[in-house]
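Before any comments, here is the structure.
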Amino acid sequence: MRRLLSYIGRFWHRYAFGIFCTLATAALGMTIPYLVRDAINAIQAHDYLRLAFMVKLICGAAVLGGVARWFSRFVIFNCGRDIEYNLRNDLFAHLVKLGPEFYERLKTGDLMSRLVNDLTAVRMMIGMGVLSFTTTPLMWVLSLSVMLSLSPRLTLASIAPYLVLFFVMYHLSRSIMERSLRVQEGIGAIGAKIQESLSGIHIVKAYTLEQHQAAQFRALNDSYNEQGLALARIRGVLLPLIRGAAAASTMIVLIYGGALVMAHRISIGDLVAFMSYLVALAWPTTSLGWTISLYQRGKAAMKRLAEIFETTSTTMIEEDGPLRLEVAGEVRWEDVSFSYFANRNGSSNGAAPAYALRGINVTVRPGEKLAIVGRTGAGKSTMVKLLTRMIEPTTGRVTIDGRDIRELPLGGLRRTVGVVPQEPLLFSDTLARNIAFGRTDASRDEIIEAAHVAGLDSDIAMMPRGLETVVGERGMSLSGGQKQRVTIARLLAYNPSIVVLDDALSSVDTETERAVLESLGQSVRGRTTIVVSHRASTVRDADEIIVLDQGTIAERGTHEELMARRGIYAGLFHRQLLEEELTQY
Amino acid sequence: MEVGREEKLARVHELTLLKRVWSFVRPYRLPFWIAVVLMPLNTLFALSQPYLVKLTIDLFLDPRHRPAPAWLHPLLRAAGTHGLLAMGALYVMMLLGEFATFYGQFYLTMMVAQYSMSDLRTALFNHVERLPMAFFDRTPVGRLVSRMTTDIDAISEMVNAGSLTIFNDAITLVAIVVIMLTFNARLALWALCAIPPLLLMVNFFRVRARVVYRDIRERLAALNAYLAEALAGMGVIQLFTRERESCREFDQLNLRARESLMLANIYEAGLFSSVEALSSITIAIILWVGGGEVIRSLIGLGTLVAFMEYAQKFFNPLREMSQKYTVLQSSLVAMERIEALLEEKPLSRPAAPARITDRRGSIVFEHVDFAYRPGEPVLKDVSLTVEPGQKVAIVGATGSGKTTIIKLLTRFYDVKAGRILVDGVDVREWDLTELRRAIGLVQQDVFLFAGDILENIRLGRVDLDDSAVRTALARAQALRFVEQMPAGLREEVHERGANFSAGQRQLMSFARALAYDPRILVMDEATSSVDSETEHLVQLALEQLLTGRTALIIAHRLSTIQSADRILVMSNGSLRESGTHQELLARRGLYYRLFELQYGAPDTAE
């Protein structure tokens, strides 16, 4: 809440203006019934002049009130939008600083719903809430003081329905919100079921489960119907309740006030003024009851957002890190062990293999090429993730030019070590912008050159708009191999001093992989290169090859040395050759 | 001109769309029509209230301007203050009537909308489920989810809020005009003075608001898409130290969204305030013109007050009608998308499915050609025969077309040329359900549904009781681990079976097939390695699974291959070699190389 107040504080002058307009709106709005009263009294007194005067005043109040209302509504609502905008930006700026451990804990879907729904709840609170909290009390004060001066008794009698309205609204709106939440969950469950059934459509079809799935779907829909109608049952009361309260007090004014008129205690003008005041109070009173629940919901939402703000990451990037570090490029893993469970309370299955890496000691001299091979799950990716501090070693340290990378500025480190990750993740943007992803200032020529080295020329020539083709979710879908080559181009444009390829070409055929690696090798000549591959045949030119097996180094040496050993590497290499042969069969 | 033509075309189309919506509302037409009848009643009750105010004022409070007709005088004298109470009682009755009719009408329309849209959603789900696999290859699941949730919600909005209440608003407007005209035509015309400027205003804002609302939808969608993508790809953003640029891009999208949202607020506030101001000005006009008439005793004071109230009631429906028009528009767009989905053709079904006489389980491929995409053949002239009870293994490198054979056999896709016979009948002439019941499919990646183990084995067949499922699990060697679970058969399965190991999932998929007891078993053996103990269990389960069935297996296990009656060797979409393990090894051809690749030199493996 304090955080929110600081946001509100930033717009205090606009809020002040908005609230001033709101108060003016309320004041002008509340004079109209009084003027109507005078006009009717003038009619009864057959006083044309006074009637004309009152009519002009009403028109004036209406126009001024209209202008004030216009300003008050959009100024205050737009403050809400501004705060939402700022909150959203700040949240995003915070989110980009959080490390992988945060994103493992919270799934994208959960985070999205927090950012979307909670922000909306907060905005409603500070938009509608402020408007309603300032207008309604003032309207009540003004109209009560006028009504009391006209007839205290009639006032007390006629506002009674409103007290009921306010309290019923307050309780009703809470259960309305609860029930709407349930309706939302209901449609969420329906969405999840569609997602599941259609993702597993092959099993649905193979086992002819269409009807079974449809029955389950129907059941979910049935309970959604119930939830929807449960909401409708109380929402249906809402409007009659508001109108009913207004009409009930009109009726009281009519009977009791009518008796007072017949007894000549008040004028008909007073009676009409009473009726107008009461009608004017109906909506503000309702919305005040509603706003209190808005406030409660907004507060809870803000608390959830604050949780994100308060999450910090061990590896947060500094605001103004240096650009790339000047390094010779010696990379060293010193006694490095790593366990994914080390930082968590309790491991997942009790006896799970505790260490993904154990006692790794590897040195890559500046400009040399290290290859890491091994089976899936041997710890290859873990080794290179340590290099960019996406994860931290449980024991031991990783150094660049002899300096522990934890002592280097993180931004600088990540600009120095460029990675082509295993998963070729591209963004829904043009090819050119995806290639220039890490260096937005890359020139057109640099982008074209990077694409060329990554072997993308012929692919780009086939695309409808060349480099300007939008790819990804909302654009053209690329094959796995194409995506991987775009990620290579992205790395080249990034131009790091140390290059890491984490099984970066697994989806392209061996021939293409070899060609890309060759042209890549030429363009990164002189830079330290670390290549992870499941294919032995593509790494034979490395200065050192290490074979990982269950988190430890099983074999190490040059291609020739390892072949001579006739161990794991030699086996891998042999199978590789055979496989290639078979595809050409 | 161009625009006009387009609109005309769209209108014809709208009619078909509305017909489609109506076809789902039709089953609930009774509550629908009751609601339609209740609406004007509600209007009647609501509009009678100002009339009662008029009567009260004219009869009791200010009788001097419009004296009541002479025949009423004795009655009024007799009534005295009781007359007021009588009026009050009438007023309460009208109020209760308004209450009841509103509630009834509201609840019934909600009910109709809820039920009919639920039917539409289920129908859509049923329809989509039956679409051919090719449809799912090109349609992301996320898009289908939003068709069946967001889009249907938009239509629901139209059914419950839009169409009916627009009708009701129109009735209210007409009724008010008629009432005012009967009271006093001159004053009525003056009171209606505000309508032309109001209509202009509503139109002015509506046209602008429509553009702004479209922008809002697009910009918010872009913003949220960017956000979702950034959250999913945060690792890449951080690796490429792109935090600052991403924040800047996000800010730009955020800014654009805010711009439209703020503009919308300005328009909305403008419309709201001008309606309020106009309604006050109308009161002033009524007071001025009507006041003069009261003074000249042409109308009673009560009529004047009633006019003021009617004028107030006039503005709301007018304002809301324009809002609902927008709802109507967006729901039509949603309906259009759903209609397109409904027009997707399911796999053709034979008009009269062939009667299957021979049920021994034979498979024949005759010169089958197939391609997922034109120009990229996946299977070329494949012919094969599996005799009843035979076990045939298919081997081949990745991408040689093995999996496609399975997909064609179960008719996930139709062949481009040639034909596939199961039990002597072309699969296209089989009843699809019966075909798939005859063939049990065990796939490489086991798909488990969220639910419990029992449900995942039974897969909806209620005739399978606990003990039948237990037997299946036992034969699949899965009973032991299932019984070790705290809840046994009722152990919860998380989405996609994430809480089970790969080996356990495999055994469960065997149990599924065993419970299913098909005469033909088609299996894509899992390549994922399991520990030696589980491997042993898998072997045992596999034996159980294969006994007494015709089997076509994409084999990876040495034991499976060796025990097969025949082995088919695929390469680049064609069948290259066929024979027993020993025969093929002796040929020293493709199979020999494949075998060497997979298991090392054959001499050492045996």
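The values are calculated or read from the model by the stated rules, or taken from the named source; none is laboratory data. This one's a predicted model, so the numbers in the text were calculated from it and none came from an experiment. Every residue, glycine as well, gets a Cβ built from its backbone with ideal geometry; the counts of neighbours run over all protein chains shown. Keep in mind that these areas ignore ligands, DNA and RNA; they rest on the heavy atoms of the full protein, side chains included. Shrake-Rupley method; radii C 1.70, N 1.55, O 1.52, S 1.80 Å.
A few notes on this one:
- Enumeration of residues in segment A:243-258 that are open to solvent by 30 Å² or more (accessible area, probe 1.4 Å) and within 16 Å of B:Ser48 (Cα to Cα): A:Arg243, A:Met251
- Flag: A:Val237 does not match the condition of being part of a helix (DSSP H, G or I), of a type outside the set (Asp, Glu) and either under 19 Å from B:Phe307 (Cα atoms) or not assigned by TED's automatic domain parsing to the domain that holds A:Gly188 (or both).
- Some residue of segment A:435-448 being surrounded by 17 or more Cβ atoms within 10 Å (Cβ to Cβ), at pLDDT 90 or above, outside the structural domain of A:Glu104 (by TED's automatic domain parsing) and farther than 25 Å from A:Leu325 by Cα: yes
- Some residue of segment B:492-510 being within 20 Å of B:Leu545 (Cβ to Cβ), at pLDDT 85 or above and at the interface with chain A (Cβ under 10 Å from one of its Cβ atoms): yes
Yes or no, residue by residue, for (1) within 8 Å of chain B (Cβ to nearest Cβ); (2) open to solvent by 30 Å² or more (accessible area, probe 1.4 Å); (3) more than 30 Å from B:Asn42 (Cα to Cα):
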{"site": "A:Val204", "(1), (2), (3)": "yes, no, yes"}
{"site": "A:Tyr207", "(1), (2), (3)": "yes, no, yes"}
{"site": "A:Leu220", "(1), (2), (3)": "no, yes, yes"}
{"site": "A:Leu241", "(1), (2), (3)": "no, yes, no"}
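- Set side by side, the residues A:Ala282, A:Ala214, A:Ala230 differ, and just one is open to solvent by less than 40 Å² (accessible area, probe 1.4 Å) and under 15 Å from A:Leu163 (Cα atoms), which is A:Ala282.
- A:Ala219 falls short on exactly one of the conditions (1) over 30 Å from B:Glu434 (Cβ atoms); (2) modelled with pLDDT of 90 or more; (3) not acidic (Asp, Glu), and that condition is (1).
- Segment A:1-55, subset under 22 Å from A:Met275 (Cα atoms) and of a type in the set (Lys, Arg), residue most open to solvent (accessible area, probe 1.4 Å): A:Arg50
- Qualifying residue in segment A:168-175 (condition: in a helix (DSSP H, G or I), open to solvent by 10 Å² or more (accessible area, probe 1.4 Å) and among the polar types (S, T, N, Q)): yes
- Residues within segment B:462-517 that are of a type in the set (Asp, Glu) and surrounded by 19 or more Cβ atoms within 10 Å (Cβ to Cβ), tallied: 0
- Taking the conditions (1) open to solvent by 30 Å² or more (accessible area, probe 1.4 Å); (2) touching a helix residue (DSSP H, G or I) at 6+ places or on another chain (Cβ under 6 Å); (3) without any contact (Cβ under 8 Å) to a residue 40 or more places away in the chain in turn, B:Met94 satisfies each one other than (3).
- Residues that are at pLDDT 85 or above and open to solvent by less than 10 Å² (accessible area, probe 1.4 Å) within segment A:362-378 comprise A:Val362, A:Val364, A:Leu370, A:Ala371, A:Ile372, A:Val373, listed in sequence order.
- Spans of strands (runs of 3 or more DSSP E) in segment A:369-433 with at least 1 residues over 29 Å from A:Ala451 (Cβ atoms): A:369-374, A:395-400
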